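Asks: Attaching a single structure in structure tokens format; questions to follow.
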Amino acid sequence: MADTPEYDLIVIGGGPAGYAGAIRAGQLGKKVACIELERAGGTCLNWGCIPTKALLKSAELYQKIKKSETFGISVKDVTFDFAKVMERSRGVAGQMAKGIEFLFKKNKVDYFTGKARVIASGMVEIIEGEQKGKFFKTKNILIATGCKMRRIPDLPVDGVRVMTSREALANTTLPKSIVVVGAGAIGVEFAYFYNAFGTKVTLVEMLDQVLPVEDAEVAKVLQRSLEKQGITILTSTKCENFRVGKDSVKVDLVTGDKKQEVEAEVVLSAIGVVANIEGVISDAVKVELDRNYVKVGNDYQTNVKGIYAAGDIIGPPWLAHVATFEAVSAVNGMFGHGKPQRVTKFPGCTYCQPQVSSTGLTEKQAKEKKLDYKVGKFPFTASGKAVASADSEGFVKVITDAKTGEIYGAHIIGSEATELIAEYGLAIELEATVEEIHQTIHAHPTLSEAVMEAAAASLGEAIHI
């Protein structure tokens, strides 16, 4: 191992945490390498966030064209090619992965493909792939291997009858019917996507609302909207006794003391994620874990000096933008470029139609904390831009301190909600009040006026409701 290359930082994992951390180290002039199991971009870019948004855009466009009469435009014989829809999604992912590889070169990041393992503090080995047996010495290690989809116990994923989101993204055949197990963001997005193209969709959630982490009022409006679109939704319901046949899957859906059998061509498991930790750290390296996630301090360093971790591998909220922030913050800290910050405030987004976004506390959480709070709400039915665009479903809701106007949380359901939430994210970061949001002039007509009007509503000063 005399010719073993030496680095300032080895990053294991090339997803939103890994590639961002590696690039940041490169920007700081450090000698850095990133080792990714499959392709730069990780799950998010190749099999998650990016390709699914391409699919959802196709679904949205198809639905808009079908409703073109609303705008006085006649489009006849609208059809779609599902294989091309899927092909475009893969193309988008491929294009973005090439972009990450270009950024590696630009920032002098050495990029290797293979499975890496930490074999000692300051030593990494590639244990699978074409470069198996290659060793690296390094001053620092950043573990950013993320998560993989959780599988339903005793239900093998075959990519035909039983899938996770990964298999669904590679499938070029539209199923006639599907049971989606789990109504978190991934489950809801796939339910919306398949339903938009005519699949009979049953969406099942064990908890009492769709999008369990979101505000209850938002979840209620979303469920009503999805049901109106044709999706069958069962909350407070468990799936039992899956029977996989040649052409379909049967499952018992249990709601309280009621049981019904449902049969569908495909079952999609969207019940969450598990840490991608297997084989990443040698047993000889005693890195402390917490429920199989890597445990880190405020500087993202583990209990072993020089070994850091960031992103999904350190636990929830399992969001790409949080992972990126954590990794960049970790790298800045390890090389003395400012104090690392742990994430406490972040936006959450779901890209179905209507879109859902949020940041901060839900109303239920504010009640549980016994906060003295006020709610400001503004419906998109009162927004000129939303009505003109035929996108008037939903509302903006802001939760604030009743005395000071401090913003505790914001929740949006409606058109472009995932874009609009950024203003409240910035407001919370800058400790702005709803008064300051209200007093900021927003262009008319825009959807963002609803953000301002919700703030005004919390003060009893909204003009348009």
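The values are calculated or read from the model by the stated rules, or taken from the named source; none is laboratory data. Fair warning: this is a prediction, and the values are worked out from it, not measured in the lab. Cβ atoms come from the backbone with ideal geometry, glycine included; neighbour counts cover every protein chain shown.
Asks: Given (1) touching a residue at least 24 places away in the same chain (Cβ under 8 Å); (2) in a helix (DSSP H, G or I), identify the lone condition not met by Thr172.
Replies: (2)
Asks: Now a separate question. State whether the residues of region 178-197 include one that is among the β-branched types (Val, Ile, Thr), part of a helix (DSSP H, G or I) and surrounded by 21 or more Cβ atoms within 10 Å (Cβ to Cβ).
Replies: yes
Asks: Now, a different point. Give the residues of region 1-38 that are over 19 Å from Val124 (Cα atoms) and part of a loop (DSSP other than H, G, I, E, B), sorted by residue number.
Replies: Of everything in region 1-38, those that are over 19 Å from Val124 (Cα atoms) and part of a loop (DSSP other than H, G, I, E, B) turn out to be Leu28, Gly29.
Asks: I'd like the full set of residues that are among the small types (Gly, Ala, Ser) and either surrounded by 13 or more Cβ atoms within 10 Å (Cβ to Cβ) or touching a residue at least 60 places away in the same chain (Cβ under 8 Å) (or both), limited to region 264-309.
Replies: Answer for region 264-309, where residues must be among the small types (Gly, Ala, Ser) and either surrounded by 13 or more Cβ atoms within 10 Å (Cβ to Cβ) or touching a residue at least 60 places away in the same chain (Cβ under 8 Å) (or both): Ala264, Ser269, Ala270, Gly272, Ala275, Gly279, Ser282, Ala284, Gly306, Ala309.
Asks: Would you be able to say whether some residue in region 57-73 is within 25 Å of the chain's Cα centre (by Cα) and within 23 Å of Gly15 (Cβ to Cβ)?
Replies: Yes, region 57-73 contains a residue that is within 25 Å of the chain's Cα centre (by Cα) and within 23 Å of Gly15 (Cβ to Cβ).
Asks: Would you confirm whether or not region 401-408 contains a residue that is closer than 30 Å to Lys228 by Cβ, under 26 Å from the mean Cα position of the chain (by Cα) and either not in a loop (DSSP other than H, G, I, E, B) or not assigned by TED's automatic domain parsing to the domain that holds Val188 (or both)?
Replies: Checked region 401-408: no residue is closer than 30 Å to Lys228 by Cβ, under 26 Å from the mean Cα position of the chain (by Cα) and either not in a loop (DSSP other than H, G, I, E, B) or not assigned by TED's automatic domain parsing to the domain that holds Val188 (or both).
Asks: Any idea how many residues of region 59-80 are closer than 17 Å to Asp391 by Cα and polar (S, T, N, Q)?
Replies: So the count comes out to 3.
Asks: How do the pairs read when you match residues in region 9-29 that are farther than 21 Å from Gly48 by Cα and in contact (Cβ under 8 Å) with a residue 60 or more places away in the chain with residues anywhere that are outside any helix (DSSP H, G or I) and among the acidic types (Asp, Glu), using Cβ under 9 Å and keeping only pairs 6 or more apart or on different chains?
Replies: Final answer for the pair search is Ala25/Asp8; Leu28/Asp8.
Asks: Something else: Checking the conditions here, which among Lys200, Lys176 is in contact with a Ser or Thr (Cβ under 6 Å, 6 or more places away or on another chain) and either under 17 Å from Leu56 (Cβ atoms) or in the same structural domain as Ile231 (by TED's automatic domain parsing) (or both)?
Replies: Among Lys200, Lys176, only Lys200 is in contact with a Ser or Thr (Cβ under 6 Å, 6 or more places away or on another chain) and either under 17 Å from Leu56 (Cβ atoms) or in the same structural domain as Ile231 (by TED's automatic domain parsing) (or both).
Asks: Also, quick follow-up: Can you pull out every residue in region 329-352 that is of a type outside the set (A, V, I, L, M), surrounded by fewer than 21 Cβ atoms within 10 Å (Cβ to Cβ) and in a loop (DSSP other than H, G, I, E, B)?
Replies: Residues satisfying the conditions are Phe335, Gly336, His337, Gly338, Lys339, Gln341, Arg342, Thr344, Lys345, Phe346.
Asks: Working only within region 132-153, note down all residues that are assigned to a loop (DSSP other than H, G, I, E, B), within 30 Å of Asp299 (Cα to Cα) and among the β-branched types (Val, Ile, Thr).
Replies: Answer for region 132-153, where residues must be assigned to a loop (DSSP other than H, G, I, E, B), within 30 Å of Asp299 (Cα to Cα) and among the β-branched types (Val, Ile, Thr): just Thr145.
Asks: If you go through region 219-234 one residue at a time, do you hit one that is over 24 Å from Lys176 (Cβ atoms), touching a Cys at 6+ places or on another chain (Cβ under 8 Å), touching a residue at least 12 places away in the same chain (Cβ under 8 Å) and surrounded by 13 or more Cβ atoms within 10 Å (Cβ to Cβ)?
Replies: yes
Asks: Which of (1) in contact with a helix residue (DSSP H, G or I) (Cβ under 6 Å, 6 or more places away or on another chain); (2) within 30 Å of Phe71 (Cβ to Cβ) does Lys385 not meet, given it meets every other one?
Replies: Result: Lys385 fails condition (1) only.
Asks: Separate question: Within region 436-447, track down each residue that is of a type outside the set (A, V, I, L, M, F, W, C) and either surrounded by 20 or more Cβ atoms within 10 Å (Cβ to Cβ) or within 11 Å of Gly376 (Cβ to Cβ) (or both).
Replies: Hit for region 436-447 is His438, nothing else.
Asks: Looking for something over 26 Å from Ala320 (Cβ atoms) and not aliphatic (A, V, I, L, M) - is there at least one such residue anywhere in region 340-358?
Replies: No, that holds for no residue.
Asks: Checking Thr446 against (1) closer than 14 Å to Phe395 by Cβ; (2) out of contact with any Leu (no Cβ under 7 Å at 6 or more places or on another chain), only one condition comes out false. Which one?
Replies: All conditions are met except number (1).
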